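Below is one structure, written out as structure tokens; comments come after it.
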Amino acid sequence: MTAILILFWASTVLLLYTQVGYAMLLALLTRVRPAPGQLAPGQLASPASGPPSVSVIVAAYAEQEVIADRVANLRALDYPADRLEVVVACDGSPDATVARALAAGADLVLELERGGKIRAQDAGVDRARGEVVAFSDANVLWDPGALRALVAPFADPRVGYVCGDVRFVNQRGTNQEGLYWRYEMAVRRLESGLSSVTGGNGAIYATRREAYLVVDPIMGHDLSFPFNMVKRGWRAVYAPEARASEKMVPTIEGEFARKRRMMSHGWPIVVRGGMLSPRGYDPLYALMIFSHRVLRYLSPFLHVIALVTSLALLGHGWVYVAAVAIQLAVLGAAALGSLVPARPLLVARYYVLTSASLAAGLWDWLRHGTPVGWEPAEGTR
């Protein structure tokens, strides 16, 4: 009985901490811990040399419907044209992506053999001329001032990686990703202000050319770059004024499939990509990685432990009755959300399915590995 009690309380406390308590802890720390501060501007943003030269690299596979708009959007940015290079790295696209990227005015279009997104990005960096290399997905649109805001933090010579803010657009559908992402951006702002972010996003991010990392082709940049930058002595920061918009997957079920695929790439980073090694982390950043990444990815397993142990403890106090009732209510609401599109039910369904996607992604990776190629998510173009 003692072991069951320990498992119940440990799993419950860890779940509450990673979902709610971590953000509260960061907010508290911002009040009592000084921010990293800014050093004198480095060469990339000195007044004498002007803004840095930037190569924006768009990895594309089967993006003929959106690639022209992506190139046109980059061309319209409020950034000196002679310091902006647009590179489209086509990963063996079977359609007219190459031709349409050229026609739209991309500076460089690479027609590559199919090798996956990471290798397409590597090829783009190899050919890029910019001091800073920035990255974006093909279905994303940047605000006019996004690039200036994205490169501004590089004025601090300690900064090696910057991610921007992405807003998800969904006029119709059931997906609740926008609600989660607003919370995620708030947490990211707190992490960045205290130390470094623990994760990025594929819609808008950049690195110094010399800080760029060549990683395993199944390990995406979003998760592998920030902590690896920190291990190498750089800061990885969030620039909230660097805004982008992206069309989200319309349905919660589609979001489950997308996150399942993403986590089949994420788990290799966690398990064998160096995330769990404390070497190179200061104590605060190690706490951030444990709180926001490791515990979050373990959350579906913690939920199972909490449910099983609370069922086993029925009859030993009202708290266990309440725990079972709350968990079954969330599961019931999630099931009902497939039939009744009420917002509270959809939020419950989103939470349950996206939590389950973390475990499903692990299962996929362990069962048959992770392919390097990718397909555009359904409904996002």
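Brief remarks on what is shown
- Average Cα contact separation per residue, the stretch 154-241, under 8 Å, 6 or more apart, as relative contact order %: 49
- Amide H contacts of V109 (H built 1.01 Å from N, in plane; Pro and chain starts excluded): V88 sit under 5 Å, all sequence-distant by 5 or more or on other chains.
- In the chain, the alpha-carbon atoms span a convex hull of 147 Å³ per residue.
- Counted over all Cα-Cα pairs of the stretch 190-252, pairs farther apart than 18 Å make up 41 percent.
- Computed FRET value (nearest 0.05) for W318 with E241, which takes r as the C-beta separation and R₀ as 41 Å: 0.25
- Rounded to the nearest 10 degrees, the angle from helix 221-231 to the longest Cα principal axis of the chain is 90 degrees.
- Rolling a 1.4 Å probe across the protein heavy atoms gives the stretch 140-243 an accessible surface of 33 Å² per residue.
- Between 0 and 90°, nearest 10: helix 2-16 axis offset from the chain longest Cα axis: 40
- Taking amide H positions as modeled 1.01 Å from N, with prolines and chain starts lacking one, the residues under 5 Å from L84 and 5 or more places away or on another chain are V54.
- Cross-link reach is defined here as a Cα-Cα straight distance under 18 Å, omitting same-chain residues fewer than 8 places apart; for K247 the lysines meeting it are K259.
- Excluding ligands, DNA and RNA, the accessible surface per residue across the stretch 262-381 is 50 Å² with a 1.4 Å probe.
- Segment A72-T2, length gained on full extension (0.36 nm per residue, minus Cα span): 18.9 nm
- Legend: translational diffusion of the stretch 1-140 by Stokes-Einstein, Rh = Kirkwood radius over C-alpha pairs, 20 °C, 1.002 mPa s; D = 116 µm²/s.
- Anisotropy class of the stretch 288-381 from Cα gyration tensor, a/c 1.5 cut: oblate
- Carbon plus sulfur fraction of accessible area for the chain, probe 1.4 Å, in percent: 63
- Relative contact order, percent, the stretch 1-141 [alpha-carbon distance under 8 Å, six or more residues apart]: 28
- Summed residue charge, Cβ within 15 Å of D143's Cβ, Lys/Arg positive, Asp/Glu negative: 0
- Global geometry of the stretch 228-299, whether rounded, prolate or oblate, following the gyration tensor of its Cα atoms and the 1.5 cut on a/c: oblate
- Among 13-22, 275-284, the order from most to least packed when residues are scored by Cβ within 10 Å on average: 13-22, 275-284
- Under Karplus coefficients 6.51, -1.76 and 1.60, residue-wise ³J(HN,Hα) of the stretch 144-149 in Hz, glycine/proline x: x, x, 4, 5, 4, 5
- Rounded to the nearest 10 Å², the accessible area of R114 at probe 1.4 Å: 100
- Potential extension, D126-E184 segment - 0.36 nm per residue separation minus Cα distance: 17.7 nm
- Here each label is just a point 7 Å from Cα along the line to Cβ, and for K231 and A99 those points are 4.4 nm apart.
- The string of couplings for the stretch 188-202 from the Karplus curve (6.51, -1.76, 1.60, θ = phi - 60°) is 4, 4, 5, 4, 5, x, 8, 7, 8, 6, 9, x, x, 8, x Hz, one whole number per residue in order, with x for Gly and Pro.
- R0 of 35 Å, Cβ-Cβ distance L28-A329: FRET efficiency to nearest 0.05: 0.70
- Length-normalised contact order for the chain - Cα pairs under 8 Å, 6+ apart - percent: 21
- Hz values of 3J(HN,Hα) by residue in the stretch 316-328 - Karplus curve (6.51, -1.76, 1.60), Gly and Pro given as x: 10, x, 5, 4, 6, 4, 5, 5, 5, 4, 5, 5, 5
The values are calculated or read from the model by the stated rules, or taken from the named source; none is laboratory data. This is a predicted model, so every value here is computed, not measured. Note that we place each Cβ from the backbone using ideal geometry, even for glycine, and neighbour counts take in every protein chain shown. All accessible areas refer to the heavy atoms of the entire protein, side chains included, with ligands and DNA or RNA removed. Shrake-Rupley method; radii C 1.70, N 1.55, O 1.52, S 1.80 Å.
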